[in-house]
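The structure appears right after this line, and notes come after that.
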Amino acid sequence: MSGAVWAQRPNAPAPGTNLGRLDDIPDGGGKEFVFGQGVNAWRMFVVRKGASLYGYLNLCPHYSMPLNHQPDIFMSRDGTRIMCRQHLALFRVEDGTCLDGACDGRALDPVPLRLEHGQVVIG
Ligand code: FES
């Protein structure tokens, strides 16, 4: 088991878990994936820029809350940044670094992803 933060949390899926088709993630948008239920559910989201994918735990480093209010809405209105809808922190898509707002000096926890024959796979 990896020592990465994503792998240490309850209900973390195993490396190699298939998240489904790349084409089901809107280009310029995102999609959430949840494993388990209730307060211990493991939640991540994937944002897509063309053929590039970026995965993060759905856990804001500000208050450890999910970033989204609406299903699968993780991007800022202009589509250039990941946005936490709780207190409007902004994060760089490519590495999850906090760029503005109540997350100074912190970053989203990455979840590694790979593409296999058009399928999005963890690990
Ligand atoms: S919980 Fe995300 S900005 Fe406060």
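For the reader, a short list of remarks on this structure follows.
- Proxy reagent accessibility, fewest Cβ within 10 Å first, across 65, 75: 65, 75
- The modelled label-to-label distance between residue 34 and residue 121, using points 7 Å beyond Cα along the C-beta direction, is 2.7 nm.
- Listed by Cβ neighbour count within 10 Å, with the fewest neighbours leading, 92, 48 appear as 92, 48.
- Estimated 222 nm signal from helices in the chain, with DSSP H stretches of n ≥ 4 weighted -39500 (n - 2.57), rounded to 500: -500 deg cm²/dmol
- Per-residue Cβ neighbour counts within 10 Å put 54, 63 in the sequence 63, 54, beginning with the fewest.
- Those residues of the range 88-123 whose amide nitrogen sits under 19 Å from the label point placed on residue 27, 7 Å along Cα→Cβ: 93-94, 115-120
- Here the ratio of the Cα radius of gyration of the range 1-53 to 2.2 N^0.38 Å is 1.23.
- Cα-based radius of gyration of the chain once divided by 2.2 N^0.38 Å, which approximates compact folds: 0.98
- The gain in end-to-end length when the residue 18 to residue 99 segment is fully stretched comes to 26.1 nm, 0.36 nm per residue minus the alpha carbon separation.
- Around residue 61: net Lys/Arg minus Asp/Glu count, Cβ-Cβ under 12 Å: -1
All of the numbers you see were taken from the coordinates with simple rules; none came from a lab. The shown structure was predicted, so the numbers you read here are calculated from the model rather than taken from an experiment. As a convention, Cβ positions derive from the backbone with ideal geometry for all residues, glycine included, and neighbour counts pool all protein chains shown.
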